[in-house]
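Down below is the structure, laid out as structure tokens.
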Amino acid sequence: MTDLFSKFDPLIEQRETLLATGLTDPFNLVMERVESPTVAICNGKRTILLGTYNYMGMTFDPDVIAAGKTALDEFGSGTTGSRVLNGTYSGHRAVEQALKDFYAMDHAMVFSTGYQANLGIISTLADKDDYIFLDIDSHASIYDGCALGNAQIVPFRHNDVEALEKRLKRVPAGAGKLVVLEGVYSMLGDVAPLTEMVRVSKENGAMVLVDEAHSMGFIGEHGRGVAEAQGVIDDVDFIIGTFSKSVGTVGGFCVSNHPKFEILRLVCRPYVFTASLPPSVVATAATSIRKLMHSADKRAHLWENSKRLHAGLKQLSFSLGTDEPQAAIIAVLMPDLETGAAMWEALLERGLYVNLARPPATPAGMTLLRCSLCSEHSSDQVGEILGMFAAAGRATGCIS
Ligand SMILES: Cc1ncc(COP(=O)(O)O)c(C=O)c1O
């Protein structure tokens, strides 16, 4: 018998070698208690959270929590059914209405996660004679959506408008084309040149899907994302998003103005063949989304935090994923996995949690410490964070 696990041997060995040095497992941390969007107790110690994607700090919003509790009391703990059978409650309709209002779009379809939204929409829209044009730094859920479908996949270099245009021109005239982009790319925290990308897509007869997972709530005048900030939201055919970041709960969605959009509810397998979100989750999401419509002050404070952390880390001479802060993600580049893991642990010991990211999730084989800021981080906390980076950086030899 061939052991089907043998393909994982190199990864098992790499992990064992790393842990043999006495390092805490960076992928197995337990949040023992969570006190607020920015503070948790980890290993018995007060820890500032800087790796949660909880951009707008909605997880402890009193209105959001109250809405969840009421729904739990009134509708029970779960729907035990698909959206197309017994799993559509009034709360599912209400959160879809909140999304339509938030984006000022005609249609909204809620999935159980953002991962499933990409899986479902991409695999259902593009069929075997169609082409999907894909930025090579796309999120795993976008790649998996392509893998689930039958379309021809045409990758292009990250954020390279010319490369996209060239590839669009190469496919047969009249073929169905879907260009899949992200507003903010979450590994390096860089923003897509959507104005140009959408223009070349439209000139070449392609539909455009933008995943705004890391920009919803924060970027753009109304928090609708990079497509709004760059003035092209009306030319984008589909926006994908998640409830697991700025919205502060779990779930995913697609919004669109396409007149035939609603048919997707019957043909999209990751929507049909899974249970719908619990009533408490959709109630918290709807409340959160409606509050995000009026969160200009939070957005302004989050930008301040992002700019200050970026400038501070740069001053400490860390290498960062972007020259200027473009989003609420700031990626700190590490020379290798061992140093990255040591720095991650040194930060944790000092009371700071960030995400350690490594290949294959990262582009170009990079090891990164990914920091995601929250509108609820106080100015004092940003100061503390910079102090901890300075101390941990010196202790691990990352900076002098
Ligand atoms: C760009 C992007 N799309 C989709 C997702 C999936 O979202 P969810 O956590 O709701 O499954 C993520 C999550 O990290 C993401 O970064």
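Derivation of every value follows stated rules applied to the coordinates shown; laboratory data play no part. Nothing here was measured: the structure is a model prediction, and the numbers come from that model. Here Cβ is always computed from backbone atoms with ideal geometry, including for glycine, and neighbour counts include all displayed protein chains.
Of 261, 60, 27, which is the most mobile in a GNM of the chain whose springs link Cα atoms less than 10 angstrom apart?
Highest fluctuation of the listed residues: 27.
Near residue 125, within a Cβ-to-Cβ distance under 13 Å, what is the net charge of the other residues, with Lys and Arg +1 and Asp and Glu -1?
0
Using the Cα centre of the chain as origin and beta-carbon charges of +1 (Lys, Arg) and -1 (Asp, Glu), tell me which of 331, 217, 393 is placed farthest towards the positive end of the dipole.
Ranked along the dipole, the leading option is 217.
Check the straight Cα-Cα distances from residue 166 and name the aspartates and glutamates below 15 Å, setting aside those fewer than 8 residues away within the same chain.
Straight-line reach from residue 166, under 15 Å: 135, 196, 203.
What's the longest piece of the chain with no exposed GluC sites (Glu not before Pro), counting a site as exposed if DSSP puts it in a loop and it has at most 16 other beta carbons within 10 Å? Each step should come with its number before you reach the end.
Numbers: sites that count: 32, 35, 221.
The segment 36-220 is the longest one with no such site.
State, as an integer percentage, the relative contact order of the chain based on alpha-carbon contacts under 8 Å between residues 6 or more apart.
About 22 percent, as a whole number.
Take the alpha carbon atoms of segment 380-400, find their center, do the same for segment 55-90, and report the distance between the two centers in whole angstrom.
The distance from the Cα centre of segment 380-400 to that of segment 55-90 comes to 40 Å.
Quick one: of the DSSP bridges fully inside segment 129-245, what percent are antiparallel, nearest 5? List each step's numbers first, then the result.
Numbers: 2 of 19 bridges.
Close to 10 percent.
For every helix of n ≥ 4 consecutive DSSP H residues, a contribution of -39,500 (n - 2.57) applies; sum these over the chain, divide by its total residues, and give [θ] at 222 nm rounded to the nearest 500 deg cm²/dmol.
One gets -12000 deg cm²/dmol as the mean residue ellipticity at 222 nm.
Which angle between 0 and 90 degrees, to the nearest 10, do you get for helix 9-20 versus the longest principal axis of the chain when only C-alpha atoms count?
Helix 9-20 sits roughly 30 degrees off the main axis of the chain.
Take the alpha-carbon centre of segment 141-193, take the same for segment 1-16, and report the distance between them in whole Å.
32
If you average 1/r across every pair of different Cα atoms in segment 300-374 and take the reciprocal, what Kirkwood value do you get, in Å?
Final number for the Kirkwood radius of segment 300-374 is 12.7 Å.
I'd like the orientation of helix 90-103 relative to the chain: the angle between its Cα long axis and the longest Cα principal axis, in ° from 0 to 90, rounded to 10.
80
I need the shape label for segment 1-129. Rule: rounded when a/c is under 1.5, else prolate if a/b > b/c, else oblate, with a, b, c from the alpha carbon gyration tensor. Mind showing how you got there, number by number?
Numbers: a/c = 2.26, a/b = 1.31, b/c = 1.72.
Verdict is oblate for segment 1-129.
What angle do you read, to the nearest 10 degrees and between 0 and 90, between the alpha-carbon axis of helix 296-315 and the longest principal axis of the chain?
Approximately 50 degrees, to the nearest 10.
Which shape class applies to segment 171-227: rounded if a/c is under 1.5, otherwise prolate when a/b exceeds b/c and oblate if not, where a ≥ b ≥ c are the square roots of the Cα gyration tensor eigenvalues?
Note, shape of segment 171-227 comes out prolate.
Which of these, 374, 254, 268, has the largest mean-square fluctuation under a Gaussian network model of the chain (Cα springs below 10 Å)?
268
For the chain, modelled as a Gaussian network with Cα springs under 10 Å, which listed residue fluctuates most, 216, 207, 187?
For the chain, modelled as a Gaussian network with Cα springs under 10 Å, the answer is 207.
Compute the Cα gyration tensor for segment 187-338, then decide on rounded, prolate or oblate, letting a ≥ b ≥ c be the square roots of its eigenvalues: rounded whenever a/c is under 1.5, prolate when a/b is larger than b/c in the other cases, and oblate in all that remain.
Values: a/c = 1.81, a/b = 1.44, b/c = 1.26.
In terms of gyration-tensor shape, prolate.
Counting DSSP beta bridges with both partners in the chain, what percentage is antiparallel, nearest 5?
60
Using Cα centres only, tell me the gap between segment 285-327 and segment 214-251 in whole Å.
Cα centroid of segment 285-327 versus Cα centroid of segment 214-251: 15 Å apart.
Of the listed pairs 245/298; 69/291; 177/202; 100/298; 169/202; 245/291, which have alpha-carbon separations greater than 19 Å here?
100/298
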